[in-house]
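Comments concern the structure below.
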Amino acid sequence: MKYIYDDLAGKKILITGGAGFIGSNLAFYFQKHHPLAKVYVFDKFRSDERFPNGHFKSLGHFQNLIGFKGEIIIGDINNPQDLALLENREFDYIFHQAAISDTTVLDQELIMKTNHIAFLKLLKIAQKHNALMVYASSAGTYGNSPAPNVVGAGEVPENAYGFSKLCMDESVRKILAEDPQRRIIGLRYFNVYGHNEFHKGQTASMILQLGLQAIKNKKVRLFKHGEQKRDFVYIKDVIQANVKAIEAPVSGIYNIGSGNARSFNDIVSCLKAHLGEFEVEYFDNPYSFFQNHTEADISLNEEYLSYIPRFTLEDGIKQYIDEIKAIAEKY
Ligand SMILES: NC(=O)c1ccc[n+]([C@@H]2O[C@H](COP(=O)([O-])OP(=O)(O)OC[C@H]3O[C@@H](n4cnc5c(N)ncnc54)[C@H](O)[C@@H]3O)[C@@H](O)[C@H]2O)c1
């Protein structure tokens with residue numbers, strides 16, 4: 001069977017947040033597999049500005065784009081003049097990843113403006129040229145609702161980040177109710193890990209953080225008692241979902257996870273299989289809010305998105321472990 005995405009020659013693909021973790025992986029995917037497509041990255045990149053929690057205000061990093069041959073547009077999605085740079089470029093596809101991705105940020109005004117309001121403006125740009133909009137939503141929309149998490153149920157976010165992502169989804173639901181022909185696909189990523197996440201610092205996945213602790217300190221620290229479960233999804237599956245979205249026959253919102261909840265202790269076991277023995281210290285969780293169990297219900301994805309996760313936690317860590325070792329060596 002021939003797919004549309006087999007032939008993206010000459011198509012214009014915009015990736016917002018393309019200097020970040022997931023966006024840069026998408027940029028390189030298209031560069032490698034669709035060399036005749038025109039790939040554009042739009043990102044604010046990192047400045048030395050930090051949130052009161054000490055984390056950088058934007059996590060994009062030039063190192064994620066070394067070797068990228070497409071066009072890089074530097075701008076802030078909150079700035080109308082910067083968005084105007086995108087107005088008349090007639091993109092065919094927009095993969096919107098730019099956001100405040102740090103779930104511990106407390107500045108609700110900035111989160112709402114960056115994640116929700118700027119998205120509405122990008123939707124207008126997409127509409128102007130009938131571009132397909134594929135955007136990053138999040139499992140944060142489910143808060144601590146019981147797993148498995150089903151799109152349309154238990155959407156009770158517990159932080160401003162999750163709320164801003166739910167606002168994106170609700171806006172899309174309204175638009176699609178009025179105009180079912182609009183081409184918009186929301187992807188609710190669960191806990192993504194893999195290549196190019198290092199520059200997220202303390203907000204990188206637990207797989208990277210525990211891997212680095214194990215290599216450097218021969219000891220990892222976990223919230224008591226390591227049995228909290230998350231749906232960890234490998235970056236290659238997230239890229240697969242974005243690419244499959246190009247072909248999705250209907251617009252809609254989909255969970256993007258592995259479909260299986262795994263515990264932090266499971267991560268430790270996988271890491272030990274590659275790194276040998278190390279100590280595990282359990283300590284009290286300081287966060288008043290923490291998702292204790294997430295698991296993506298992906299039962300509709302195969303039919304509507306042709307998305308089938310290919311990586312278990314064991315498979316993903318096996319592919320990723322050499323990069324974790326190299327990072328530990330370098331930094
Ligand atoms: N990584 C995960 O586990 C995960 C889970 C659920 C949802 N998501 C969502 O996926 C998307 C990508 O996440 P990521 O992990 O790659 O995060 P990331 O922080 O690495 O990437 C986000 C990018 O957006 C850019 N950016 C931030 N504010 C901007 C602004 N105002 N204008 C222009 N660019 C701006 C940053 O510089 C960065 O390059 C985000 O929308 C995030 O909320 C990620």
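The values are calculated or read from the model by the stated rules, or taken from the named source; none is laboratory data. All values derive from a computational prediction rather than experimental measurement. All Cβ positions, glycine included, derive from the backbone under ideal geometry; neighbour counts span all protein chains shown. For the accessible areas, the whole protein counts, side chains as well, though only heavy atoms, and no ligand, DNA or RNA atoms are used. Shrake-Rupley method; radii C 1.70, N 1.55, O 1.52, S 1.80 Å.
LEU166 fulfils the conditions (1) modelled with pLDDT of 95 or more; (2) aliphatic (A, V, I, L, M); (3) over 16 Å from the mean Cα position of the chain (by Cα) except for a single criterion, (3).
Each residue in the range 35-55 was checked for being buried (at least 19 other Cβ atoms within 10 Å of the Cβ) and either more than 11 Å from the ligand (Cβ to nearest atom) or modelled with pLDDT under 95 (or both), and 3 of them qualify. When PHE68 is evaluated against the numbered criteria (1) more than 11 Å from the ligand (Cβ to nearest atom); (2) free of Cβ contacts under 8 Å to residues at least 60 places away in the same chain; (3) open to solvent by 50 Å² or more (accessible area, probe 1.4 Å), which criterion, by number, is the only one it fails? Failed condition: (3). The set of residues from the range 89-121 being in a helix (DSSP H, G or I) and aromatic (Phe, Trp, Tyr) comprises just one member, PHE119.
Of the helices (runs of 4 or more DSSP H) lying entirely inside the range 203-319, the ones with 3 or more residues being more than 22 Å from TYR331 (Cβ to Cβ) are found at 235-245, 264-275, 301-305.
Taking the criterion of being on the phi < 0 side of the Ramachandran plot and within 20 Å of the chain's Cα centre (by Cα), would at least one residue in the range 171-180 satisfy it? Break it down stepwise before answering.
Pass one, the range 171-180, residues on the phi < 0 side of the Ramachandran plot: 171-180.
Keeping just the survivors that are within 20 Å of the chain's Cα centre (by Cα) gives 171-172.
Yes.
Any residue at all in the range 143-154 that's over 27 Å from GLY75 (Cα atoms) and among the hydroxyl-bearing types (Ser, Thr, Tyr)? Yes: one or more hits.
Considering only the range 167-181, I want to know if a residue exists there that is hydrophobic (A, V, I, L, M, F, W, C), touching a residue at least 60 places away in the same chain (Cβ under 8 Å) and surrounded by fewer than 20 Cβ atoms within 10 Å (Cβ to Cβ).
Yes - at least one qualifying residue is present in the range 167-181.
Restricting attention to the range 151-162, the residues that are free of Cβ contacts under 8 Å to residues at least 40 places away in the same chain and within 16 Å of the ligand (Cβ to nearest atom) add up to 2.
Here ALA160, ALA98 are screened, and the one residue that is in contact with a helix residue (DSSP H, G or I) (Cβ under 7 Å, 6 or more places away or on another chain) and either within 23 Å of LEU300 (Cβ to Cβ) or open to solvent by 10 Å² or more (accessible area, probe 1.4 Å) (or both) is ALA160. Residues in the range 226-267 that are open to solvent by less than 10 Å² (accessible area, probe 1.4 Å) and among the charged types (D, E, K, R): ASP231, ASP237. Just wondering, is there one or more residues in the range 106-117 that are buried (at least 23 other Cβ atoms within 10 Å of the Cβ), away from the ligand (no atom under 11 Å from the Cβ), under 30 Å from PRO157 (Cα atoms) and not hydroxyl-bearing (Ser, Thr, Tyr)? No, the range 106-117 contains no residue that is buried (at least 23 other Cβ atoms within 10 Å of the Cβ), away from the ligand (no atom under 11 Å from the Cβ), under 30 Å from PRO157 (Cα atoms) and not hydroxyl-bearing (Ser, Thr, Tyr). Among the residues of the range 167-216, those identified as more than 12 Å from the ligand (Cβ to nearest atom) and hydrophobic (A, V, I, L, M, F, W, C) are CYS167, VAL172, ILE175, LEU176, ALA177, ILE184, ILE185, LEU210, LEU212, ALA214, ILE215. Taken over the range 130-150, the criterion of being in a loop (DSSP other than H, G, I, E, B), more than 14 Å from the ligand (Cβ to nearest atom) and surrounded by 15 or more Cβ atoms within 10 Å (Cβ to Cβ) is satisfied by ALA131, ASN144, SER145, ALA147, PRO148, VAL150.
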